[in-house]
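A short reminder: the numbers here are calculations on the coordinates, not readings from a lab. Bear in mind that the values here come from a model prediction, so they are computed numbers and not experimental data. When we count neighbours, we look across all protein chains shown, and the Cβ atoms used for this are built from the backbone with ideal geometry, even at glycine.
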Amino acid sequence: MLRSAPQSVPLRIRGTQVRFDVLTMHEVTQQIFESAPATWRTVITPNLHHIHLLRRDASLLPLYQSADLLLPDGWPVAWMLSRVAGSDVERIAGSDLLEQVLATDGGGRALVLVGGEDVTALATVADRARQVNWTVFVEPAPRSEVESTDSRQALASRVAANGQGGVIVLGLGAPKQERFAHEVRQLAGSGHILCLGMAINFSAGKYKRSPEWMRHAKLEWVHRIISEPRRLLPRYARDAGALLPTMAENGKVRA
């Protein structure tokens, strides 16, 4: 019989322990919307692609270990954590988390949207956020700006200044957004920094999410491949190579 879930579960990745938070979506949103942190707090939602990146580049591990909330996005990560914990671990999808932001009264607080596919996507999500009383700032953050040290530092300074006391949503893709979040975290100020990958594009309607039944059946990845086969089929095949070695490292289920 499965035990009640612990508050956090460690996952070993290349011999290093990375501790994931085990929370419901309600508990996550409470922490983000009902707390006023004194410093910047980072939220990272790893899926199997992140595990692939962590196995390939060990220098990323400290970024994930230092996250204030590390939440399993994607059924393979949640499934591995469930095996380790001996209890069900809920998946917290970054796309669902952004939808929670857009369904919550911002009370006039700042919401900074960084990245996304294009300015149209940013504008669409910004309009939705303004309708629920967020004070919105948008930063398209093209690759040239993110990859240039001077430009990136200026971007981080603007994002931190505009996001004071609010929420920063990064849609730069992994691991750029996690590295950028770490840079913002070093600056003065406070609030929540959410590393949410493709979430801005989904919330803007640039890409359709899978039907509800496919999500419940853990088949969202099939829908994504059908939608973008040339981009995602090779990536998913590569990412799948991280599953077996990570399972082997975490083979023992808690008694």
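Return the residues of region 71-128 that are under 15 Å from the mean Cα position of the chain (by Cα) and in a loop (DSSP other than H, G, I, E, B); say none if nothing qualifies.
Those that are under 15 Å from the mean Cα position of the chain (by Cα) and in a loop (DSSP other than H, G, I, E, B): L71, P72, D73, G74, E90, R91, I92, A93, G116.
Do any residues in region 227-250 that are closer than 19 Å to G15 by Cα have Cβ atoms under 6 Å from those of residues that are surrounded by 15 or more Cβ atoms within 10 Å (Cβ to Cβ) and of a type in the set (D, E), where the two are at least six apart or on different chains, and which pairs are they?
none
I'd like to know if region 100-110 contains one or more residues that are out of contact with any Lys or Arg (no Cβ under 6 Å at 6 or more places or on another chain), under 16 Å from L23 (Cα atoms) and of a type outside the set (A, V, I, L, M).
Yes, the conditions are met somewhere in region 100-110.
Scan region 107-154 for residues that are touching a strand residue (DSSP E or B) at 6+ places or on another chain (Cβ under 9 Å), crowded, with 17+ Cβ neighbours inside 10 Å, over 24 Å from E34 (Cα atoms) and free of Cβ contacts under 8 Å to residues at least 40 places away in the same chain and jot them down.
Across region 107-154, the qualifying residues are E139, A141, V146.
Being assigned to a loop (DSSP other than H, G, I, E, B) and surrounded by 17 or more Cβ atoms within 10 Å (Cβ to Cβ) is the filter; apply it to region 188-209 and report the residue that is farthest from the chain's Cα centre (by Cα). Give the derivation first.
Step one: of region 188-209, the residues assigned to a loop (DSSP other than H, G, I, E, B) are 188-190, 196-198, 205-209.
This time we only want the ones that are surrounded by 17 or more Cβ atoms within 10 Å (Cβ to Cβ), so: 189, 196-198, 209.
Details: G189: 21, L196: 4, G197: 6, M198: 9, R209: 16 Å.
Residue satisfying both the conditions and the ranking: G189.
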